[in-house]
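Undergrad: Sharing a structure here in structure tokens format.
The values are calculated or read from the model by the stated rules, or taken from the named source; none is laboratory data. Just so it is clear, the model here is predicted, and its values are computed rather than measured. Virtual Cβ from ideal backbone geometry, glycine too; neighbours counted across all protein chains shown. Only protein heavy atoms, including side chains, enter the accessible area calculation; ligands, DNA and RNA are left aside. Shrake-Rupley method; radii C 1.70, N 1.55, O 1.52, S 1.80 Å.
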Amino acid sequence: MDSKHIEKLLEKYWNCDTSLEEEKELREFFRGPVPENMNDVAAMFRYFDSQQKQQLTSPDFDATLKKKIKQHRPEGKVVKLVYFYSRIAAGLLVVVAATYFVRQEVRKAYPPEIADTYSDPKLALEETKKALLMISKGFNKAQKEAGKIKVFNEAEEKIQGKVLDEVKKTDGQI
Amino acid sequence: MNLEVFENRVLPVKNKLFRFAFRLLGSSEEAKDVVQEVLIKVWNGREQMADVQNMEAWCMRITKNLSLDRLRSRQRRATDPIEEGVEIHHETLTPHERTEIHENMQRINEMIAALPEKQRQVIHLRDVEGYSYNEICEILELDMNQVKVNLFRARNAVREKFVKMNAYGL
């Protein structure tokens, strides 16, 4: 390669005017044998070259990393699921407990009915009689009250009758 | 992003991340830790990353930030000798020439390690990794002007050292 061309490129390089391609060209050039006066610069470019080849030399790096990544992933999900289900369980527990207590309260407020009497005909008859008697009492009372209404009606009719008679009388006089 | 995409697109960048972290920290063990931290971060944040355009530059930026965090907590300049991967394997060289090359490399490594932090970052990204100016801006969160100024200073610091070395025959 033309050494003048290289010198020009080098000058551009020191002034930071070289493109990436030109810098690559310089690197290529300094990989080969170089004139004595360019030894330092060559060492620099070779240094850059060698640095780029440097690698993360750890055989278990990828494996350790993947392990850490995998450990991280399921952990988060399990915690989330536990939260999710415990929420539902808590809700159900509240509903069940509430139902239980309400039922107990209802039972206290309405004690069970007196033992039913269907198995004993005599007792059943008595109960029925009692019930019927109560109804008939109520009936009688109502009839009495209704009788009072009759008296009122009669009185009203009488008054109306008298008034009509009077009206007739006065009509006659006129 | 599933594990397969991660392995194909993100994991191969690990060497670049390692070199950058190593340049900043000067310790391969710590650089390795940083790279692992970066990759786990990327994996955990993969849902938010759907709209990241340049995944590689993004990973490099996280590497820079985590490395600088470590550096700050450590407060030590990275001037350790080069550890691995700098040997040039040239069959035709004599042992003497080989040690000379190694010495030269060592010297350049020290020169770059002695640069201020920003200049060191820029010269590494440009001259070792071959990133474009735009990508360097993105990685370092700097504007174009700052990137160019830092690169110019870094390259010229190296050049001046060469001039001095030749003048005094060091």
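Undergrad: Among the lysines, which fall within straight-line cross-link reach of B:K118, defined as a Cα-Cα distance under 18 Å, with same-chain neighbours fewer than 8 residues apart omitted?
TA: Partners found: B:K16, B:K64, B:K148.
Undergrad: Of all the accessible heavy-atom surface of chain A, with the other protein chains kept in place and a 1.4 Å probe, what percent is carbon and sulfur?
TA: C and S atoms contribute 62 percent here.
Undergrad: Just report the Cα centroid separation between region B:1-33 and region A:1-61, whole Å.
TA: That distance is 24 Å.
Undergrad: Which sequence of B:R46, B:R153 reflects their accessible areas, 1.4 Å probe, from the largest down?
TA: Of B:R46, B:R153, the descending order of accessible area is B:R153, B:R46.
Undergrad: As a check on your grasp of the helix formula, calculate [θ] at 222 nm for chain B: sum -39500 (n - 2.57) over DSSP H runs of n ≥ 4, divide by the residue count, round to the nearest 500.
TA: Helix contribution divided over all residues of chain B: -21000 deg cm²/dmol.
Undergrad: Here's another thing I want to ask about it. Based on the Cβ-Cβ distance of B:S132 and B:E4, what FRET efficiency does E = 1/(1 + (r/R0)^6) give at R0 = 22 Å, to the nearest 0.05?
TA: 0.15
Undergrad: Against the longest principal axis of chain B, how steep is helix B:144-168, in degrees 0 to 90 to the nearest 10, with axes from Cα atoms?
TA: 20 degrees
Undergrad: Nearest 100 Å² is fine: what is the total accessible surface buried where chains B and A meet, probe 1.4 Å?
TA: 3900 Å²
Undergrad: Mind checking A:82-95 for the average number of partner chain beta-carbons within 10 Å of each residue's beta-carbon?
TA: 0
Undergrad: Another question about this same structure. Evaluate peptide A:54-65: per residue, the Cβ atoms of other protein chains within 10 Å of its Cβ; return the mean as an integer.
TA: Counting other chains' Cβ atoms within 10 Å and averaging over A:54-65 gives 6.
Undergrad: Between A:A131 and A:E166, what's the calculated FRET efficiency when r is the beta-carbon distance and R0 is 45 Å? Round to 0.05.
TA: Result of the calculation: an efficiency of 0.25.
Undergrad: Per-residue ellipticity at 222 nm for chain A, helices alone: DSSP H runs ≥ 4 residues times -39500 (n - 2.57), over residue total, nearest 500 deg cm²/dmol?
TA: Calculated at 222 nm, the ellipticity per residue is -29000 deg cm²/dmol.
Undergrad: Considering protein heavy atoms only and a 1.4 Å probe radius, which residues within region B:116-139 exhibit an accessible-area decrease of no less than 50 Å² in the full assembly relative to the chain by itself?
TA: B:R126, B:D127, B:V128
Undergrad: Tell me the accessible surface of A:K66 in square angstrom (1.4 angstrom probe, heavy atoms of protein chains only), to the nearest ten.
TA: 60 Å²
Undergrad: Calculate the mean, over all residues of peptide B:43-52, of how many other protein chain Cβ atoms lie within 10 angstrom of the residue's Cβ.
TA: Counting Cβ atoms of other protein chains within 10 Å of each residue's Cβ and averaging gives 1.
Undergrad: Something else: For the peptides B:141-150, B:63-72, what is the packing order when you average, over each peptide's residues, the other Cβ atoms within 10 Å and list the highest mean first?
TA: Top to bottom by mean Cβ count within 10 Å: B:63-72, B:141-150.
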